[in-house]
Structures are given as C-alpha cells and as structure tokens.
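Here, each number is a calculation from the coordinates, and none is a lab measurement. From a predicted model like this one, the values you see are computed outputs, not experimental measurements. Because the Cβ atoms are built from the backbone with ideal geometry, glycine has one as well, and the counts that use them run over all protein chains shown.
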Amino acid sequence: MEQIRPFPPTDLIDQAEEEEAIRLAPAADLKEWVIANWLTVGGHLHNPDHDHIAELLHDDETFLSFAWASSAAVAKKRMVLGQCEKVMFNQGGWKKARQEQQMRDWFGFVPVYLITVNASFCENSNDVEFCRLIDHELYHIGVERDEDGEIIYSDHTGLPKHYLAGHDVEVFFGETKRWGADANVKRLLEIAKNAPFVSEKNIAACCGNCVIN
C-alpha cells in the first residue's frame, strides 16, 4: 500500500511567520510513520540498529515522541534541523509543573525522549533528505552494551538501558587536513566506499513521493 510521508501542518509555519516567532506542535502522525517504517520488522526502512527503541515502545509508548518546530534553531552559529533530547525539566516550583503540563497537553504523557524536527526544512526537502534526518535523530538514542556488544538490560525493569548518544565521528575539517584521519574517520571512509544499505527504491516505497536527485 502506497504511503505519503508526514508533512508538517501548514498553519504552523504560517502562524509562525505572522508572529515572527518559532512555534512548535506535536507530531503524532510522524511517530506512527516512523514506527511503521523504521521500527517494525518488514518496514520499508526498517533499521535493526533501532530495534532497542522498538522494544521499549512496544512496552511503553511514552518512551519517544516527536514534534514539529516551525523553523530551524541556531546553535554554535549553525542551523539545527533536528534535535533529539532526553526530556528533563528545571527543578523548582511552577517551572517544572509548567513544562510537564506542556508535554501532557501535547502527548497525553511526559515522554522519555523527544525528537523535534524543522518543519520548514521537512516541507521543502526531498525524500532522501527527510529520511536521513529522521534516521540521524534516532541514532542519538543510544543503548548501553557490554564488552561483547550485547545490550545491557536494567535489573529493575528488564528493559534496555538507554542514553543520549553523541556522534560517532566528531572532528574538524581543518584538524583532519593538518593531522590526518584518526581511527574513527578512517573507519567512516571505509564505510563510505560501500553502496548505501537503503536504496532510493526503498525510500520511494516508504514515502510515496518521487525522489528528487
């Protein structure tokens, strides 16, 4: 069955432009689409690297939620198109209560992790760009593993132990130019020599749109 990838609500972007401010809104349809395509075995873009997320969501829907932001944020002079965060609140009185209330009003619960994506970018991006952004943010939900690479489970809950993961390779272009590639960059170069696992055909089947080259 052909699918159409989720698009942000146009009134979110329109209202943000009128107010000249960033507006945010819950993205329940995006969560459903991600579960169906990334986190379900047999999904068009199923990624086994994220199976630990699927395992948590199977037992607890509050583990992950998604939201649209009307435009990009700016951090360290760079445009931020997506952000994965472990939901944490300011302690103290009404601040914490206000922040928790916003989550409950949006989702009906307070999620453990929240992925927010730039609605303006998603509105205009092609399928490859959009899908790559979603996959990137999912990778920020890391799972603890032992020395043998096996997932570590909590003794208390019996579920995988998660953390907010940084990027696998964090290096400056100038640093690499001056000093050469470190072990992580060399590994990345070796991986880049291979054809991507996800083909344009897979993406088109998932999104129902033509892939723009």
*Taking the Cα centre of the range 10-207 as the origin and placing charges on Cβ (Lys, Arg +1; Asp, Glu -1), which of P48, A75, F172 is farthest toward the positive end of the dipole?*
F172
*Normalised by the number of residues in the range 10-207, what is the relative contact order in percent for Cα pairs under 8 Å and 6+ residues apart?*
20
*asked:* Can you list residues from other chains, or at least 5 along the same chain, whose modelled amide H is less than 5 Å from the amide H of A73?
replied: V80
*Arranged from highest to lowest average of other beta-carbon atoms within 10 Å per residue, in what order do the peptides 13-22, 189-198, 116-125 appear?*
116-125, 13-22, 189-198
*How do the peptides 148-161, 51-64 rank, highest first, by the average count of neighbouring beta carbon atoms within 10 Å per residue?*
51-64, 148-161
*Given charges at beta-carbon only (K, R positive; D, E negative), |dipole| of the range 1-60 in Debye*: 240
*Would you mind working out the magnitude of the charge dipole of the range 10-207 relative to its Cα centre, with +1 at each Lys and Arg C-beta and -1 at each Asp and Glu C-beta, to the nearest 20 Debye?*
720
*asked:* Within the range 10-207, how many Lys pairs that are eight or more residues apart, or on different chains, come under 23 Å at the alpha-carbon?
replied: 13
*Apply the Karplus parameterisation 6.51 cos²θ - 1.76 cosθ + 1.60, with θ equal to phi minus 60°, to every residue of the range 64-73 and state each ³J(HN,Hα) to the nearest whole Hz, in sequence, with x for glycine and proline.*
9, 9, 10, 9, 9, 10, 4, 8, 6, 8
_As computed over the chain, the Cα convex hull volume per residue (Å³)_ = 185
*asked:* Eigenvalues of the Cα gyration tensor times 5, then square-rooted: what semi-axes does that give for the range 32-117, in whole angstrom, largest first?
replied: 26, 19, 11
